[in-house]
Amino acid sequence: MARRPPSLLRRIVNYPLDWIEERSGLIGGVRYFLFRKVPHDTNWAHTLGSATLTAFIVQALTGAILAMYYRPDPGTAYESIQKITNELTLGWLVRGMHRWGASVFIILMFLHMGRVFLYGAYKYPRELNWVIGVLLLVLGLFEGLTGYLLPYDQTGYWATVVAININGTAPILGPFLVNLLNGGADFGPETLSRFYALHMLLVPGAIFALIGLHLYLVIRLGVSSPPWSDRPAGDAMPLPPPSRDGARAGLVRPGARRRVRS
Amino acid sequence: MEPHRPETPHTPPPSLWPVGFAVGVAVLLLGLIVGWGIVLLGALLTVGFGFLWVRDVVEGTPTAPAAPEPPPPQGIGAAPVPARQAEAALPAMDEEEIHRYPRNVFLEGATLGLGALIGGIVTVPALGFAVLPAFVDQEPQGSDLGPLENFPEGEWRVATFLEDPEHGEVSRRTAFVRHNGDLNGVPSFTIISNRCAHLGCPTQPQGSLNEEDSEEIEVEHGTVTLIPTNPSGFTCPCHGGAYSIEGNRTAGPPVRALDRYEFSIRDGHLWIGKAYSVGEVEGEGKDARIKKYHRFYPGEHVDGIQQILYPFPAPNL
Ligand code: HEM
Ligand code: FES
């Protein structure tokens, strides 16, 4: 049976994708990532990890945009935040997204962690991913702490003073931690720039790298099925054999709508 | 990319050693409060059980399979070698000599070694710069609170001043100042820091603040403000810490009395000096007897048994 040649539209879409795929294999990689097998009985709780990832990306983007207008200097920080909120076009929206998004991110992290815990998904061979997750949690909370100072209002200032001094009560190392966090013996101008650098460069960078590792392990090990599952982990819904019609590399999965239910 | 998933997990067998290890750590921490003997006992338990645990884990887990035996060397006079294995036909060279120090091992070592060296040269100073300035020159130089006349005998003033003029307004600190009258011919002052000894919130005088009579005094480095007040003690807005008029803790979570400042009189001006920590003040006013400690951070004990938790104050290099 002769195949009909793909339509012009398909070819227009597929040509650049094919071009990239042939030179990098990237499209295949994305395809592998998106269409990898997952257990047939995954449910909404399994989306909490991706939801957390989305929240982090929103934080990264809105944060980078806020940094275009924010001034990390004790004399001007508060003013610049007031300006972002009250004067600049749509500033209130982006700042609001970042501020509320921070809580959303942290709540989602806890929900995701709760799902992993309740499903026993931290067990062999996924222990390492749990450990990476704990690091992500700590770094996420540290983002919350460092970000809270940046508006430089009374709440942020005193909350930070108290938080730094709580660190100071740690046995033996406490006094050293205070100096490290303050950038000196007392709260000073160094504290703000130091928190700013941590908040927007160092910690997000580390989170980004750890998310990469986290997802690598998720893909390598596969997502675990729920504890009540009647099928072995990684057992996916059968797909029809890939048809060659359409792109060799296409992101559009040919025949996806013709999926057979078993 | 085929995930390697053997059927049997490589997890250590169940064992009770971790429990002993945890008990050891608990004893060690308890020892920090009770005494050094207990610390030693805890450390011994921790190390002992830790060792047993590690031994169990290592012995209970199968190690990687031994590397396969290398194929036997081709002897002289053996069957002719195919061209693909021509290296075996190279001029005879002692096996040992080839394996002793091949070039790739040298290059590998050189790359890693040089890489580590260059990495170290870059990272060590950067890390030093991130950490050290926070520990260098942290002693404030002292500040001028203005002429002595502004501090009538027996009265309290809430004074705010710049601790470090170079840092500007962010270094503005608040202290409660009282002129105690003369002691051995020199004026005596009680100067109490408003930094709560719990977690550092700003404590407030308990009593009316006479804001109308507040004064702003221009001194060499910045403005000093003085507000008259007549407190019966000091309280903290954050978690309800309360202090007596001498700064002794009377209620709430603070772990010691309020910090105090040293002072000096220069050219008829009152100068505030180094801050120091106080466990508890005995006596009042100019007759107060005070044991001075290095300035500790809020929440850290300066005396009593819990003081061993803070053996090293932050160094000032
Ligand atoms: C920045 C924060 C985090 C992001 C973006 C993130 C993202 C993800 C994603 C997308 C998955 C795939 C499966 C799913 O969605 O449930 C996943 C799985 C997993 N996560 Fe996270 N995660 C984060 C934090 C954490 C935390 C705090 C923990 C626990 C301490 C954790 C432990 C795990 C484990 C063990 C899995 C494997 C679960 C399975 O295979 O069923 N993650 N993560
Ligand atoms: S900071 Fe003063 S009582 Fe907690």
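FYI, it's all coordinate maths here, none of it is from the lab. None of these values were measured; they are calculated from a predicted model. Heads up, the Cβs are rebuilt from the backbone with ideal geometry, glycines too, and the neighbour counts pull from every protein chain shown.
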| request: Find the centroid of the Cα atoms in the range A:10-86 and in the range A:178-233, then give the distance between the two in whole Å. | output: 16 Å
| note | Among B:297, B:278, B:317, the residue whose Cα sits farthest towards the positive end of the charge dipole of the range B:272-317, when +1 is placed on the Cβ of each Lys and Arg and -1 on the Cβ of each Asp and Glu, is B:317
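By counting other Cβ atoms within 10 Å of each Cβ, how are A:97, A:109, A:68 ranked from fewest to most? The partial results should precede the final answer.
On the way: A:97 18, A:109 21, A:68 9.
The most exposed by this proxy come first: A:68, A:97, A:109.
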| query | For the modelled label position 7 Å from the Cα of residue B:33 along Cα-to-Cβ, which residues of the range A:133-171 have backbone nitrogen atoms closer than 15 Å? | reply | A:170-171
| query | How would you rank A:176-186, B:240-250, B:116-126, highest first, on the average number of other Cβ atoms within 10 Å across their residues? | reply | A:176-186, B:240-250, B:116-126
| field | Euclidean distance of C-alpha centroids, the range A:98-118 and the range B:277-294, integer Å | value | 49 Å
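Looking at the range B:162-240, I'd like the Rg to Rh ratio, where Rg is from alpha-carbon atoms and Rh is Kirkwood's inverse mean 1/r. Let's see the in-between values first.
Details: Rg = 14.3 Å, Rh = 14.4 Å.
Rg divided by Rh gives 0.99.
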| request: Calculate the spin-label point distance for residue A:76 paired with residue B:306, positioning each point 7 Å from the Cα along the beta-carbon direction, and give it in nanometres. | output: 4.4 nm
| said: If each DSSP helix of 4+ residues adds -39,500 (n - 2.57) and the sum is divided by the residues in chain A, what number results at 222 nm, nearest 500 deg cm²/dmol? | reply: -20000 deg cm²/dmol
| said: Angle check, please: helix A:127-149 long axis (alpha carbons) against the longest principal axis of chain A (alpha carbons), in degrees 0 to 90, nearest 10. | reply: 40 degrees
| field | Anchor residue A:83: aspartates and glutamates whose Cα lies under 15 Å away (excluding residues fewer than 8 positions away in-chain) | value | A:73, A:153
| query | What is the average number of partner chain Cβ atoms found within 10 Å of a Cβ in B:303-311? | reply | 2
| note | Dividing the surface of the Cα convex hull of the range B:143-309 by four yields a projected area in nm² of 9.8 nm²
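Order by neighbour count: A:50, B:232, fewest other Cβ atoms within 10 Å first, most last.
Numbers: A:50 13, B:232 10.
Ordered from fewest to most neighbouring Cβ atoms within 10 Å, A:50, B:232 come out as B:232, A:50.
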| field | Compactness of chain A - radius of gyration and Dmax, Cα, Å | value | 24.0, 82
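Fewest to most neighbouring Cβ within 10 Å: what's the order for A:119, A:32? Working shown, then result.
On the way: A:119 19, A:32 12.
Final ranking by Cβ density, sparse to dense: A:32, A:119.
How much FRET efficiency would the formula 1/(1 + (r/R0)^6) give for residue A:44 and residue A:206, where r is the Cβ-Cβ distance and R0 is 25 Å, rounded to 0.05? Could the numbers behind the result be given before it?
On the way: r = 29 Å, r/R0 = 1.18.
Approximately 0.25, to the nearest 0.05.
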| Eligible lysines near residue B:292 by straight Cα distance, threshold 30 Å, same-chain separation 8 or greater | B:274
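How many partner chain Cβ atoms sit within 10 Å of a residue's Cβ in peptide B:129-139, on average, as a whole number?
Working: counts 0, 5, 4, 0, 4, 13, 5, 1, 2, 6, 1.
That works out to 4 on average.
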